[in-house]
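Worksheet: the structure to be examined is printed underneath.
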Amino acid sequence: MLDTFWLNFFRKEAAEKTLQDILREIPVFNGLNAKELKEIEKIIHRRQFQKGEPVFREHEAAIGMYIITEGQVQITVQGKLNDESIPLATLDIADFFGEISLFDESPRSASATAIEPTVLYALLRPDLFAYIERKPGTGIKLISNLVKIIGERLRRTNQELKTLQLHD
């Protein structure tokens, strides 16, 4: 299972937290001060999902990333048989996913489904780009953080693939 690809390596234990507390724990927002985090809160969108409800499906258009504030989400890919779904990761409070879609308009590479009642906050590409135009200094911090995260996830995925190949 490729859990480390999706893992928020910097997550602390989940507890009752404000949205700003959760944002502070997410590496995407490292280095942002309280004022900047408050501004980010204004451009993210709260969404609720019921157990079993898809957040998005593999191959759909991708427009943003999601942050879990309540509940759990399972990431899956479609197997060789169309009715087969292969789990990759189960994500919890303060985990985030879909960040590549902030830069890349390619279709989703996996599906995400709420596995219990779940609250997510979405940061959408158009909102992020508009924010970056208004606040380029903060935008540079966000993009730098996103590049680091994507790079770290790619390095870990490469290491896992290497390990799998060595054991074949």
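Could you tell me which numbered condition ALA61 fails, if it satisfies all but one of (1) assigned to a loop (DSSP other than H, G, I, E, B); (2) over 30 Å from ARG134 (Cα atoms); (3) touching a residue at least 40 places away in the same chain (Cβ under 8 Å)?
ALA61 satisfies all of (1) assigned to a loop (DSSP other than H, G, I, E, B); (2) over 30 Å from ARG134 (Cα atoms); (3) touching a residue at least 40 places away in the same chain (Cβ under 8 Å) except (2).
Within the set of pairs 6 or more residues apart or between chains, which connect a residue that is touching a residue at least 60 places away in the same chain (Cβ under 8 Å) inside segment 66-83 to a residue that is surrounded by 15 or more Cβ atoms within 10 Å (Cβ to Cβ) and aliphatic (A, V, I, L, M) with Cβ atoms less than 6 Å apart?
So the pair list comes out as ILE75/LEU88; ILE75/ALA89; ILE75/ALA110; ILE75/ALA112.
Considering segment 117-146 alone, what residues qualify as being in contact with a Phe, Trp or Tyr (Cβ under 9 Å, 6 or more places away or on another chain) and either among the aromatic types (Phe, Trp, Tyr) or closer than 30 Å to THR76 by Cα (or both)?
PRO117, THR118, VAL119, LEU120, TYR121, ALA122, LEU123, ARG125, LEU142, ILE143, ASN145, LEU146
With the checklist (1) hydrophobic (A, V, I, L, M, F, W, C); (2) touching a helix residue (DSSP H, G or I) at 6+ places or on another chain (Cβ under 6 Å); (3) under 18 Å from ARG57 (Cβ atoms) in hand, flag the one item LEU120 doesn't pass.
Here LEU120 meets the rest and fails (2).
Whether any residue in segment 106-122 is more than 17 Å from ILE149 (Cβ to Cβ), at pLDDT below 95 and more than 14 Å from the chain's Cα centre (by Cα) is what I want to check.
yes
Is segment 113-120 home to any residue that is farther than 18 Å from ILE22 by Cβ and not small (Gly, Ala, Ser)?
yes
The values are calculated or read from the model by the stated rules, or taken from the named source; none is laboratory data. Here the structure is a predicted model, which means the values were calculated and not measured. For neighbour counting, all protein chains shown are included, and Cβ atoms are generated from backbone atoms with ideal geometry for every residue, glycine included.
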